Amino acid sequence: MGHRLSRIYTRTGDRGTTGLGNGTRVEKDSLRVEAYGLLDELNSHIGLVLAYAPVSQVGDCLTEIQQVLFDLGGDLCVPGRSSVDQGHVDWLEQWLDHFNDQLPWLQNFVLPGGNPPAAHCHVARTVCRRAERVLVSLGKTEPVAPFALAYVNRLSDLLFVIARLLARQNGGAEILWQPQRPPPPLPR
């Protein structure tokens, strides 16, 4: 097991830098720090989904994803480290197929929301997409773990499918986008 934190504050970041896992100091607004910070934010949003969603296969799947997100964050914090591989991406694809097979085909875009767990899952999906964009930017200037981008890309797809599934729980429904819809009349 790694180092135990006996003290939470170190004061070493008070001037706007932070230490990577390899001891290198970087600016706190660097793309690398932004990327693993977004994975942390994503992990927290997934925790919210789990707090609202009933215990099920979805919960088991999301809990495992939280574990992998910590690994992926570690990969970003320690340049050159790579703990996420094609097997992790394949695992996401298997869950994607499993959950998507339970849903009707989409005829239109889905409005984010539906119920609290689905809404939180849509927020997690958008944070995941933001993390993906930052990983692309980071990869243009620094090495990124080989399967990080594929994992995050597939994860955002899975979160969309899970949000659809959660919206339908307990008799709920998805709200579909109605393009170029005229505004409804005002209430009287």
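The values are calculated or read from the model by the stated rules, or taken from the named source; none is laboratory data. Quick caveat: nothing in here was measured; it's all calculated off a predicted structure. In this analysis, Cβ positions are derived from the backbone assuming ideal geometry, glycine residues included, and neighbour counts consider all displayed protein chains. Note: areas computed on protein heavy atoms with side chains; ligands, DNA, RNA excluded. Shrake-Rupley method; radii C 1.70, N 1.55, O 1.52, S 1.80 Å.
Observations
- Only one of the numbered conditions (1) under 17 Å from the mean Cα position of the chain (by Cα); (2) surrounded by fewer than 18 Cβ atoms within 10 Å (Cβ to Cβ) is violated by ARG154, and that is (2).
- From the list GLY59, GLY37, the one residue that fits, being open to solvent by less than 20 Å² (accessible area, probe 1.4 Å), modelled with pLDDT of 80 or more and within 20 Å of the chain's Cα centre (by Cα), is GLY59.
- Only residues that are within 21 Å of LEU166 (Cβ to Cβ), under 13 Å from the mean Cα position of the chain (by Cα) and among the β-branched types (Val, Ile, Thr) were counted across the range 93-149, and they come to 3.
- Residue match in the range 72-90 (condition: open to solvent by 60 Å² or more (accessible area, probe 1.4 Å), modelled with pLDDT of 90 or more and not acidic (Asp, Glu)): yes
- Filter result for LEU138 (part of a helix (DSSP H, G or I), farther than 19 Å from HIS45 by Cα, touching a residue at least 24 places away in the same chain (Cβ under 8 Å) and open to solvent by less than 40 Å² (accessible area, probe 1.4 Å)): yes
- Residue check for ALA124: in contact (Cβ under 8 Å) with a residue 24 or more places away in the chain, crowded, with 21+ Cβ neighbours inside 10 Å and under 24 Å from ASP85 (Cα atoms): yes
- GLU64 vs. criteria modelled with pLDDT under 95, open to solvent by 70 Å² or more (accessible area, probe 1.4 Å) and acidic (Asp, Glu): no
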